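Only one structure is covered here, and it is reproduced in the block below.
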Amino acid sequence: MATHTDYFNLEKPESYENYNIAVFNNNADTIDLQMHNNQTSAAKVMVGATSLADGESGRVPTPHAGDEDKYLKGDGTWAAGNSNVEANPSGTPTDTLESVKINNTIYQLPEGGNTEITGDAEGSVISIHDGKLNEPLKACTVDINPVQSGSGTPSPSNIRPISGWTEANITVADATVSPTVSNTYNIEFEDSGSPLTVYGGTLDTVSGVLTVTDGYIASYDGETLPSTWISDRDVYSAGTTPTTGAEVVYKLATPTEVSLTPTEITTLYGNNVIWADSGDMAITYIRDTSIAINDALNQSITPTYSSGTKIADYNVGGQTGAIYVQGAGGQMDTLWTGDVNPTSDSKPTVQLAYPLSGYDYIVVEGYGTYTYYTTDAIYKPVIGRTYVGNLNGEINYCAAVTIINDSNIRLNYWGSAGINTHIVGIYGVKI
């Protein structure tokens, strides 16, 4: 009676049996399929991991000349080794780590040898790329500004009602992943258990202290106003008072403080967009150490348009010029060219001519029909990350790209509608 092999279950006839052609063909097909799978697996390049997805096994990406001192990262790219790290560079040797020097940047660490690296940011919408996962903000202050409805100059014939805030909502989101990750923190205003409407002030979410800086009068009747004011029907000028019966918000001579319950607001890993509905914010956050160190290691490679090594000429939208990268070796390959105008309804994914893993940086080339200026933004490619290039200072008209995988990039935009953004070229730069 025939037997079978241990691993592929190939049929083996006994020495006294006739060999069946059908059995032979079946065995041959099984062996051929396995050899094909082995060959395909051997040819496949590894797919790097991201913060949200596992990678895939495969062969090591090909290192190029100049990569002899680099190491292969988990995201599938070759990175420069850290050959210039110095502990406590400016102090007397101690048993605790007080500061770290990476290349030319010194990071002061908190007392006690803690390895936290912090960053500061402020604005109406705060964008950071190096947040640490689930780490509470070290500091967070939120402005509370009165809202005046309507438009135009307030006057008795153009009354513009004023409203305050009974709560503040702070949102932390990452729109570079799908679906978008978003956390909203609701903070209600109250004083001694009673609801409180605030027409101007600041909120410290870490301490819970609400500082009220503005008072409110529902119907003005000659009250003394200690400082500046706004009215639903008047325009402030020194020495004047609002119209009788006007709704008025005015600066208090002495701000008051109300104690609320502190709110712990945490960051997401990497990309974070943070904003409050009541006004501007200022935060101090803990940077992810690996991202902070990677930023420091790469800080010597910066885009410039007046010095460095020329790597390309461009002629886009009638504008001509050249791209330079300080410290670059001058090698650049075209990964994709075209003329695509991404919109909210159309964010196409393009196939690259060569894998991103073969390059240190990418150059995204674009122009805006609003200003007719070109823009060339240089990024270090990281799979899963979105990069935004400012177009001549116009933040509403920006080219943006999202790196999908080693061979595909989604063309995107950042701004009001994206109608003024054109992306025309993506190039790989080898340092």
* **the stretch 160-217-the stretch 1-73 distance, computed between alpha-carbon centres (Å)** => 59
* **For the stretch 116-287, with +1 on Lys and Arg beta carbons and -1 on Asp and Glu, the positive-most of ILE170, TYR285, ILE126 along the dipole** => ILE126
* Want the number for ALA65 to SER259: 0.36 nm per residue separation, take away the alpha-carbon distance, what's left? -> 63.7 nm
* Two-site label geometry, THR184 and SER227: point separation in nm, points 7 Å out along Cα→Cβ -> 3.2
* To do: Mind giving me the FRET efficiency for GLU56 and VAL125? R0 is 30 Å, r the Cβ-Cβ distance, nearest 0.05 is fine.
  => 0.25
* Virtual spin-label span in nm between GLU11 and LEU72, 7 Å along Cα→Cβ -> 4.2
* Asked: Looking at this model, which pairs from LYS44/LYS132; LYS347/LYS430; LYS73/LYS132; LYS70/LYS132; LYS132/LYS430; LYS70/LYS380 are more than 22 angstrom apart at the alpha-carbon?
  -> LYS44/LYS132; LYS347/LYS430; LYS70/LYS132; LYS132/LYS430
* Burial order of peptide ranges 140-152, 216-228 (average beta-carbon count within 10 Å, highest first) -> 140-152, 216-228
* Structure fact -> The ³J(HN,Hα) series, computed from each phi in the stretch 192-203 with the Karplus coefficients 6.51, -1.76 and 1.60 at θ = phi - 60°, rounded to the nearest Hz and given as x for glycine or proline, is 6, x, 9, x, 10, 9, 10, 9, x, x, 9, 10
* Asked: Which parts of the stretch 159-179 would a label at ILE404 reach, counting a residue when its backbone N lies under 18 Å from a point 7 Å out along Cα-to-Cβ?
  -> 176-179
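Just to confirm a number: summing +1 for Lys and Arg and -1 for Asp and Glu over residues other than PHE24 whose beta-carbon lies under 14 angstrom from that of PHE24, what do you get? Intermediate values should be presented prior to the final figure.
Values: positive: LYS12; negative: GLU11, GLU17, ASP29, ASP32.
Local net charge: -3.
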* Report the label-to-label distance for ALA282 and ASN134 in nanometres (one decimal), using points 7 Å from each Cα along the Cα→Cβ vector. => 3.1
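We did not get these values from a lab; they are worked out from the coordinates using the rules stated. All figures in this text were calculated on a predicted structure; none of them were measured in a lab. Here the Cβ is made from the backbone with ideal geometry for all residues, glycine too, and neighbour counts use every protein chain on show.
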